[in-house]
Amino acid sequence: NLMDLISFTFDQFNVSHTINTLSFGDNFPGITSPLDGQSRHVQDTHGMYQYYVKVVPTRYQPLYSSAENEIQSNQYSVTEHMSHLSPGSGRGLPGVY
């Protein structure tokens, strides 16, 4: 039965997670990565965690240096959303997206 499988999936899924590091290119002085070292703990098994990431191309050149010292990399911003789901609601499955 499909409903039994969906209920089993919801009962067994834990979306708690830790992001050790996330980057989109080489590091450079002063860069901050907003998700580095972040942990999210969900107490129940009916959660869906979503991250919306915007990546921005970035050029870094140290002050008073030549163009060959330029680092081409990326920075990002993030918006996160956590939803609690009900089994059989058709609104998604537990997970981190």
* **Radius, Kirkwood style, for the stretch 34-84 when every pair of distinct Cα atoms is counted (Å)** => 14.1 Å
* Would you tally the net charge around Pro29, using a Cβ to Cβ cut-off of less than 15 Å, leaving Pro29 out, and scoring K and R as +1, D and E as -1? => -1
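We did not get these values from a lab; they are worked out from the coordinates using the rules stated. Nothing here was measured: the structure is a model prediction, and the numbers come from that model. Backbone-built Cβ (ideal geometry, glycine too); neighbour counts: all protein chains shown.
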